[in-house]
Amino acid sequence: MGFINVLSINNNKSKEIILNAFINWAKKVGTYPILEKFERDQKANKRFELLVHQSLFNEEHKYIPKIKSNQDFDEGFKHEIIKEVTYRNQKIVSLAKDQHGTICEVCQFDFGKTYGSYGEGFIEMHHLFPIYKGKRKTTAEDLRPVCANCHRMLHRGKKLLSIEELKEIIKENIED
């Protein structure tokens, strides 16, 4: 389950709790008048999606949308996204590629081998010490090359897996 548009939740108690948390947060944000935009868009009946990840809901307020197999969905519309992005320094990525190479440390996938010159030198870099914990100094030793699939698996769920843990999962499932 991914992100839920809070405004589409039918449970009024859950919706009210989340909207109040959003309003309290929005009052604290000084860089963008998000609360004013939200209120303006609501009055004008404009599309304003307030997305919350399903994992943040407690059991009492779980929201599971009912989807019919023949249901159609809106797609392709434009909407404004405001987000905070953690700065990543591309120089350290280049240094880490030079030091560790561009082959996935988990599954040994090589973009250059599979995609030829188009994939040559391409790889994602995984921070061994999570960068979301805040500003810090990073060295090439703090990064490891991983393919996109393995990177997503390392970050999947609430607990960040280590490279060794993911290798063990792959090993267990290949042996089956």
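The values are calculated or read from the model by the stated rules, or taken from the named source; none is laboratory data. Just so it is clear, the model here is predicted, and its values are computed rather than measured. We place every Cβ from the backbone using ideal geometry, glycine too, and count neighbours over all the protein chains shown. Accessible surface areas use protein heavy atoms only, side chains included; no ligands, DNA or RNA. Shrake-Rupley method; radii C 1.70, N 1.55, O 1.52, S 1.80 Å.
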- Hey, among the residues in the stretch 137-149 that are surrounded by 10 or more Cβ atoms within 10 Å (Cβ to Cβ) and part of a loop (DSSP other than H, G, I, E, B), which one's nearest to the chain's Cα centre (by Cα)? C147
- Flagged in the stretch 17-32 as surrounded by 12 or more Cβ atoms within 10 Å (Cβ to Cβ) and either at pLDDT 75 or above or in a helix (DSSP H, G or I) (or both), in numbering order, are I17, I18, L19, A21, F22, I23, A26
- Failed item, numbered, when F111 is tested on (1) under 24 Å from V85 (Cβ atoms); (2) open to solvent by less than 70 Å² (accessible area, probe 1.4 Å): (1)
- Query: Do we find a residue being aromatic (F, W, Y), modelled with pLDDT of 95 or more and either exposed (fewer than 13 other Cβ atoms within 10 Å of the Cβ) or not in a loop (DSSP other than H, G, I, E, B) (or both) anywhere in the stretch 118-130?
  - Reply: yes
- So R40 clears everything in (1) surrounded by 10 or more Cβ atoms within 10 Å (Cβ to Cβ); (2) more than 24 Å from the chain's Cα centre (by Cα); (3) modelled with pLDDT under 75 except one condition, right? Which one? (3)
- Among (1) under 22 Å from the mean Cα position of the chain (by Cα); (2) loosely packed, with under 10 Cβ neighbours inside 10 Å, R152 falls short only on (2)
- Report yes if some residue within the stretch 86-103 is part of a helix (DSSP H, G or I), surrounded by fewer than 10 Cβ atoms within 10 Å (Cβ to Cβ), at negative phi and among the hydroxyl-bearing types (S, T, Y); otherwise report no. no
- Of (1) open to solvent by 70 Å² or more (accessible area, probe 1.4 Å); (2) farther than 19 Å from K83 by Cβ; (3) at pLDDT below 70, H61 fails just (1)
